[in-house]
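What follows is a set of notes on a single structure, which appears directly below.
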Amino acid sequence: MIRTGKKFSKPDLSRVINGDTILPEDEQAAPKIRLDHLLVEQHPEYNRSSLQTFIKNGFVKVEGEIILKPNTKIPPTSQIELNVPERQEGIKYPPIIYEDEHVIVLNKPAGLLSMAKGEYCPEPTLEDYGLLVHRLDRDTSGVVILAKDPETQKMLRKQFQDRKTHKTYYAVIDGQPKLDEALIDLPIARNLKHPTTFIVDQNGKSSQTYYKIIQKNHQHSLLELKPTTGRTHQLRVHLKYLGTPIAGDPVYNPDSKAPRLMLHAGSLEISIPGQNGNERKTFTADLPSEFTEFMEKK
(Lines give C-alpha, C1' and ligand atoms only; values in the text may rest on other atoms or scores of the structure.)
Protein backbone atom coordinates (compact mmCIF):
# COMPACT_ATOMS: atom_id res chain seq x y z
CA MET A 1 0.00 0.00 0.00
CA ILE A 2 1.40 3.36 -0.99
CA ARG A 3 0.66 6.25 1.37
CA THR A 4 0.45 9.71 -0.08
CA GLY A 5 1.64 12.71 1.94
CA LYS A 6 -0.62 15.49 3.07
CA LYS A 7 -1.59 17.63 0.17
CA PHE A 8 0.16 21.03 0.18
CA SER A 9 -2.57 23.58 0.87
CA LYS A 10 -0.84 26.45 -1.00
CA PRO A 11 0.09 25.16 -4.46
CA ASP A 12 1.39 28.56 -5.65
CA LEU A 13 3.86 28.78 -2.75
CA SER A 14 4.82 25.16 -3.38
CA ARG A 15 5.82 26.01 -6.94
CA VAL A 16 7.95 28.92 -5.67
CA ILE A 17 9.72 26.67 -3.17
CA ASN A 18 10.36 24.08 -5.85
CA GLY A 19 11.83 26.72 -8.14
CA ASP A 20 9.16 26.43 -10.78
CA THR A 21 8.02 30.01 -10.26
CA ILE A 22 10.22 33.09 -9.78
CA LEU A 23 8.98 35.89 -7.53
CA PRO A 24 8.79 39.38 -9.00
CA GLU A 25 11.97 41.42 -8.38
CA ASP A 26 10.35 43.62 -5.74
CA GLU A 27 9.35 40.54 -3.73
CA GLN A 28 12.80 39.00 -3.62
CA ALA A 29 14.95 39.68 -0.54
CA ALA A 30 17.88 41.88 -1.62
CA PRO A 31 21.22 41.00 0.03
CA LYS A 32 21.95 43.15 3.06
CA ILE A 33 25.00 45.44 3.13
CA ARG A 34 27.12 46.76 6.01
CA LEU A 35 25.97 50.13 7.25
CA ASP A 36 29.44 51.72 7.02
CA HIS A 37 29.79 50.52 3.41
CA LEU A 38 26.50 52.13 2.47
CA LEU A 39 27.52 55.38 4.15
CA VAL A 40 30.78 55.46 2.19
CA GLU A 41 28.74 55.37 -1.02
CA GLN A 42 26.28 58.00 0.17
CA HIS A 43 28.80 60.36 1.79
CA PRO A 44 32.06 60.36 -0.21
CA GLU A 45 33.10 63.59 1.55
CA TYR A 46 34.06 61.46 4.60
CA ASN A 47 36.44 58.52 4.78
CA ARG A 48 35.32 55.16 6.15
CA SER A 49 37.12 55.60 9.47
CA SER A 50 35.29 58.87 10.17
CA LEU A 51 31.94 57.35 9.22
CA GLN A 52 32.56 54.42 11.57
CA THR A 53 33.25 56.94 14.34
CA PHE A 54 29.99 58.73 13.54
CA ILE A 55 28.09 55.46 13.86
CA LYS A 56 29.70 54.58 17.20
CA ASN A 57 28.91 58.08 18.52
CA GLY A 58 25.22 57.70 17.68
CA PHE A 59 25.16 60.14 14.75
CA VAL A 60 23.49 57.64 12.36
CA LYS A 61 19.88 56.48 12.24
CA VAL A 62 18.44 53.68 10.11
CA GLU A 63 14.69 53.90 9.60
CA GLY A 64 14.57 56.33 12.52
CA GLU A 65 16.54 54.10 14.91
CA ILE A 66 20.09 54.84 16.10
CA ILE A 67 22.55 52.11 15.09
CA LEU A 68 25.88 51.94 16.98
CA LYS A 69 27.69 49.12 15.16
CA PRO A 70 29.35 49.92 11.80
CA ASN A 71 29.17 46.27 10.69
CA THR A 72 25.37 46.08 11.08
CA LYS A 73 23.91 44.70 7.85
CA ILE A 74 20.82 46.42 6.51
CA PRO A 75 18.80 46.37 3.26
CA PRO A 76 20.35 48.73 0.69
CA THR A 77 17.01 50.54 0.33
CA SER A 78 16.93 51.53 4.03
CA GLN A 79 16.40 55.16 4.95
CA ILE A 80 19.69 56.34 6.50
CA GLU A 81 20.15 59.65 8.33
CA LEU A 82 23.58 61.10 9.15
CA ASN A 83 23.44 63.91 11.71
CA VAL A 84 26.91 65.26 12.48
CA PRO A 85 26.75 67.82 15.32
CA GLU A 86 28.26 71.24 14.86
CA ARG A 87 31.85 71.63 15.99
CA GLN A 88 32.26 72.73 19.61
CA GLU A 89 34.09 75.97 20.34
CA GLY A 90 34.04 75.70 24.12
CA ILE A 91 37.77 75.83 24.85
CA LYS A 92 39.11 79.36 24.88
CA TYR A 93 42.20 80.37 22.92
CA PRO A 94 45.28 79.14 24.79
CA PRO A 95 47.49 81.87 26.31
CA ILE A 96 50.14 83.08 23.86
CA ILE A 97 53.71 82.89 25.16
CA TYR A 98 55.36 84.23 21.99
CA GLU A 99 54.36 85.04 18.42
CA ASP A 100 56.03 86.35 15.27
CA GLU A 101 55.56 85.94 11.51
CA HIS A 102 56.91 82.35 11.57
CA VAL A 103 55.83 80.73 14.85
CA ILE A 104 53.34 80.90 17.67
CA VAL A 105 54.12 79.47 21.11
CA LEU A 106 51.17 78.60 23.34
CA ASN A 107 50.62 77.54 26.93
CA LYS A 108 48.42 74.53 26.16
CA PRO A 109 45.73 73.85 28.76
CA ALA A 110 45.08 70.33 29.98
CA GLY A 111 42.20 68.80 28.01
CA LEU A 112 43.06 70.31 24.62
CA LEU A 113 43.87 67.77 21.90
CA SER A 114 47.04 68.24 19.88
CA MET A 115 45.55 66.88 16.65
CA ALA A 116 42.23 65.70 15.30
CA LYS A 117 41.32 62.04 15.59
CA GLY A 118 40.06 61.02 12.17
CA GLU A 119 38.70 63.32 9.48
CA TYR A 120 36.12 64.90 11.74
CA CYS A 121 36.80 66.23 15.22
CA PRO A 122 33.96 67.92 17.15
CA GLU A 123 36.31 69.89 19.41
CA PRO A 124 39.16 72.40 18.98
CA THR A 125 42.75 71.15 18.62
CA LEU A 126 46.19 72.75 18.46
CA GLU A 127 45.95 72.44 14.68
CA ASP A 128 43.36 75.23 14.77
CA TYR A 129 46.11 77.67 15.78
CA GLY A 130 48.99 76.67 13.50
CA LEU A 131 50.91 73.85 11.83
CA LEU A 132 51.70 71.04 14.27
CA VAL A 133 55.39 70.49 15.05
CA HIS A 134 55.25 68.28 18.13
CA ARG A 135 52.54 66.94 20.40
CA LEU A 136 51.57 66.90 24.05
CA ASP A 137 49.12 64.35 25.43
CA ARG A 138 45.59 65.68 25.83
CA ASP A 139 45.89 65.88 29.62
CA THR A 140 49.39 67.43 29.62
CA SER A 141 49.67 71.22 29.84
CA GLY A 142 52.47 73.62 28.97
CA VAL A 143 54.72 74.97 26.24
CA VAL A 144 53.98 73.96 22.66
CA ILE A 145 55.31 75.58 19.48
CA LEU A 146 53.40 75.78 16.18
CA ALA A 147 54.59 76.91 12.76
CA LYS A 148 52.84 79.42 10.50
CA ASP A 149 54.24 78.12 7.21
CA PRO A 150 55.41 74.73 5.86
CA GLU A 151 59.08 75.73 5.66
CA THR A 152 59.20 76.69 9.33
CA GLN A 153 57.28 73.55 10.25
CA LYS A 154 59.88 71.40 8.50
CA MET A 155 62.77 73.28 10.13
CA LEU A 156 61.29 72.94 13.63
CA ARG A 157 60.34 69.28 13.21
CA LYS A 158 63.87 68.40 12.15
CA GLN A 159 65.20 69.79 15.42
CA PHE A 160 62.90 67.48 17.37
CA GLN A 161 63.91 64.54 15.19
CA ASP A 162 67.62 65.33 15.58
CA ARG A 163 67.21 65.87 19.35
CA LYS A 164 68.41 69.45 19.11
CA THR A 165 65.62 70.74 21.32
CA HIS A 166 65.75 70.76 25.11
CA LYS A 167 62.54 70.17 27.06
CA THR A 168 61.84 70.42 30.77
CA TYR A 169 58.73 68.98 32.36
CA TYR A 170 57.34 69.02 35.88
CA ALA A 171 55.35 66.18 37.41
CA VAL A 172 53.76 65.40 40.73
CA ILE A 173 54.20 61.70 41.50
CA ASP A 174 52.96 59.29 44.14
CA GLY A 175 55.69 58.61 46.71
CA GLN A 176 59.31 59.40 45.94
CA PRO A 177 62.16 57.70 44.08
CA LYS A 178 65.00 56.10 46.05
CA LEU A 179 67.47 58.68 44.71
CA ASP A 180 66.92 62.44 44.76
CA GLU A 181 68.15 62.66 41.16
CA ALA A 182 69.14 60.10 38.54
CA LEU A 183 69.02 59.14 34.87
CA ILE A 184 66.32 56.62 33.92
CA ASP A 185 67.66 54.64 30.96
CA LEU A 186 65.00 52.06 30.11
CA PRO A 187 63.77 51.01 26.62
CA ILE A 188 60.07 51.42 25.86
CA ALA A 189 57.81 49.37 23.57
CA ARG A 190 54.13 49.27 22.72
CA ASN A 191 52.12 47.02 25.02
CA LEU A 192 50.75 44.38 22.65
CA LYS A 193 48.07 43.37 25.16
CA HIS A 194 46.82 46.97 25.27
CA PRO A 195 48.06 48.63 22.02
CA THR A 196 47.23 52.18 23.12
CA THR A 197 49.66 51.91 26.05
CA PHE A 198 53.42 51.39 26.44
CA ILE A 199 55.70 49.39 28.75
CA VAL A 200 59.37 49.07 29.64
CA ASP A 201 60.68 46.27 27.42
CA GLN A 202 64.25 45.16 26.71
CA ASN A 203 63.34 44.91 23.02
CA GLY A 204 61.90 48.42 22.92
CA LYS A 205 63.37 51.72 21.73
CA SER A 206 66.06 53.45 23.75
CA SER A 207 64.50 55.99 26.13
CA GLN A 208 66.21 58.26 28.64
CA THR A 209 64.81 60.61 31.25
CA TYR A 210 66.76 62.64 33.80
CA TYR A 211 64.83 63.50 36.95
CA LYS A 212 65.42 65.64 40.02
CA ILE A 213 63.24 65.99 43.13
CA ILE A 214 62.19 69.63 43.62
CA GLN A 215 59.82 69.19 46.55
CA LYS A 216 58.44 66.28 48.54
CA ASN A 217 56.13 65.44 51.41
CA HIS A 218 54.97 62.22 53.02
CA GLN A 219 52.74 61.29 50.05
CA HIS A 220 53.97 62.97 46.88
CA SER A 221 57.00 64.47 45.15
CA LEU A 222 57.37 67.26 42.62
CA LEU A 223 59.94 66.32 39.99
CA GLU A 224 61.82 68.19 37.30
CA LEU A 225 62.09 65.94 34.26
CA LYS A 226 64.42 66.34 31.28
CA PRO A 227 63.89 63.67 28.59
CA THR A 228 66.68 63.20 26.06
CA THR A 229 64.40 61.10 23.83
CA GLY A 230 60.79 61.70 22.88
CA ARG A 231 58.97 58.36 23.03
CA THR A 232 55.21 58.30 23.36
CA HIS A 233 54.20 58.27 27.06
CA GLN A 234 57.92 58.12 27.98
CA LEU A 235 57.73 60.08 31.23
CA ARG A 236 54.56 58.34 32.34
CA VAL A 237 55.94 54.85 31.63
CA HIS A 238 59.35 55.48 33.21
CA LEU A 239 57.85 56.79 36.44
CA LYS A 240 55.29 53.99 36.55
CA TYR A 241 58.12 51.46 36.25
CA LEU A 242 59.92 53.04 39.23
CA GLY A 243 56.80 52.51 41.33
CA THR A 244 56.15 56.25 41.50
CA PRO A 245 53.49 56.91 38.83
CA ILE A 246 52.39 60.41 37.94
CA ALA A 247 49.43 61.53 40.03
CA GLY A 248 46.17 61.74 38.13
CA ASP A 249 47.35 59.54 35.26
CA PRO A 250 44.13 57.88 34.00
CA VAL A 251 46.05 55.14 32.19
CA TYR A 252 49.07 54.27 34.33
CA ASN A 253 47.70 55.36 37.73
CA PRO A 254 43.89 55.01 37.49
CA ASP A 255 43.30 54.96 41.26
CA SER A 256 44.88 58.37 41.83
CA LYS A 257 42.70 61.07 43.36
CA ALA A 258 44.53 63.98 41.72
CA PRO A 259 42.31 66.47 39.82
CA ARG A 260 44.14 65.91 36.50
CA LEU A 261 47.26 64.37 34.99
CA MET A 262 49.92 66.23 36.96
CA LEU A 263 52.35 66.65 34.07
CA HIS A 264 53.37 70.06 32.69
CA ALA A 265 55.75 71.07 29.91
CA GLY A 266 57.60 73.85 31.70
CA SER A 267 60.09 74.98 29.07
CA LEU A 268 61.27 74.42 25.51
CA GLU A 269 64.63 75.49 24.07
CA ILE A 270 64.64 75.60 20.26
CA SER A 271 65.95 77.61 17.30
CA ILE A 272 63.44 79.67 15.31
CA PRO A 273 63.79 81.76 12.14
CA GLY A 274 65.02 85.31 12.80
CA GLN A 275 65.89 88.41 10.81
CA ASN A 276 69.60 87.57 10.85
CA GLY A 277 69.39 83.78 10.65
CA ASN A 278 68.14 81.30 13.19
CA GLU A 279 67.82 82.42 16.79
CA ARG A 280 68.01 80.18 19.84
CA LYS A 281 65.08 80.79 22.18
CA THR A 282 63.81 79.34 25.45
CA PHE A 283 60.07 79.54 26.09
CA THR A 284 58.57 78.90 29.52
CA ALA A 285 55.15 78.35 31.09
CA ASP A 286 54.58 78.77 34.81
CA LEU A 287 53.65 75.75 36.89
CA PRO A 288 49.83 75.47 37.10
CA SER A 289 48.36 76.45 40.47
CA GLU A 290 46.80 73.01 40.96
CA PHE A 291 50.29 71.50 41.21
CA THR A 292 51.31 73.57 44.23
CA GLU A 293 47.86 73.26 45.78
CA PHE A 294 47.96 69.48 45.46
CA MET A 295 51.44 69.30 46.98
CA GLU A 296 50.28 71.38 49.96
CA LYS A 297 47.36 69.09 50.77
CA LYS A 298 47.80 66.88 53.84
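Oblate is the label for the stretch 212-256, because the ratio a/c of its alpha-carbon gyration tensor axes (a ≥ b ≥ c) is 1.5 or higher and a/b is not greater than b/c. Each Lys and Arg contributes +1 and each Asp and Glu -1, all at the Cβ; summed about the Cα centre of the stretch 165-216, the dipole is approximately 160 debye.
Each residue of the stretch 96-104 is assigned a 3J(HN,Hα), and the resulting list reads 8, 8, 7, 8, 9, 6, 10, 9, 9 Hz, derived from the Karplus form 6.51 cos²θ - 1.76 cosθ + 1.60 (θ = phi - 60°), x at Gly and Pro. Take every pair of alpha-carbon atoms less than 8 Å apart whose residues are at least six positions apart; their mean separation over the length of the chain yields a relative contact order of 13 percent. Specify which residue in the list P94, G243, L35 is farthest towards the positive end of the charge dipole of the chain, using unit charges on the beta carbon of Lys, Arg (+1) and Asp, Glu (-1), about the Cα centre. It is G243, whose Cα lies furthest towards the positive end. Ignoring aspartates and glutamates fewer than eight residues from K257 along the same chain, the ones with Cα atoms less than 19 angstrom from its Cα are D139, D174, D249, E290, E293, E296. Would you mind checking K193/K240; K148/K281; K69/K193; K117/K148; K178/K216 for any pair whose Cα atoms are more than 19 angstrom apart? Violating the 19 Å limit, Cα to Cα: K69/K193; K117/K148. Each Cα pair under 8 Å and six or more residues apart adds its sequence gap; the mean of these over the residue count of the stretch 130-188 is a relative contact order of 26 percent. Each residue was assigned an accessible area with a 1.4 Å probe, and for K226 the value is about 90 Å².
Bridging of K205 to aspartates and glutamates at a Cα separation below 20 Å is possible for D137, D162, D185, once same-chain residues fewer than 8 apart are set aside.
Surface composition of the chain: carbon plus sulfur atoms contribute 49% of the solvent-accessible area (1.4 Å probe, protein chains only, all chains present). A viscosity of 1.567 mPa s and a temperature of 4 °C, combined with the Kirkwood radius over C-alpha pairs in the Stokes-Einstein formula, give the chain a diffusion coefficient of 55 µm²/s. Over all directions, the projected convex hull of the C-alpha atoms in the stretch 164-288 averages 9.1 nm² in area.
Within straight-line reach of K158, meaning a Cα separation under 17 Å, sit the following aspartates and glutamates at least 8 residues removed in sequence or on another chain: D149, E269, E279.
Top to bottom by accessible area (1.4 Å), largest first, where do K69, K216 land? Walk me through the numbers before you get to the answer.
Working: K69 135, K216 100 Å².
Sorted by accessible area, descending: K69, K216.
Over the chain, accessible surface divided per residue gives 61 Å², non-protein components excluded, 1.4 Å probe.
For A182, the residues whose amide H sits under 5 Å from its own are Y211, ignoring neighbours fewer than 5 places away on the same chain, with H placed 1.01 Å from N.
Once you have the Kirkwood Rh of the stretch 153-223 from its Cα pairs, apply Stokes-Einstein at 10 °C and 1.306 mPa s and quote D in µm²/s. All intermediate terms of the calculation are to be shown ahead of the outcome.
On the way: Rh = 14.6 Å.
Here the translational diffusion coefficient equals 109 µm²/s.
Between L192 and E269, full extension at 0.36 nm per residue minus the direct alpha carbon distance yields a gain of 24.3 nm. Annotation: Cα Rg of the stretch 188-262 relative to the compact-globule expectation 2.2 N^0.38 Å equals 1.12.
Shown here: the stretch 98-242, whose C-alpha atoms stretch 46, 35, 32 Å along the first, second and third principal axes, sorted largest to smallest.
The values are calculated or read from the model by the stated rules, or taken from the named source; none is laboratory data. Keep in mind it's a predicted model, so treat the numbers as computed, not measured. Positions of Cβ are backbone-derived with ideal geometry, glycine not excepted, and every protein chain shown enters the neighbour counts. Surface areas here come from the heavy atoms of the whole protein model, side chains and all, with no ligands, DNA or RNA. Shrake-Rupley method; radii C 1.70, N 1.55, O 1.52, S 1.80 Å.
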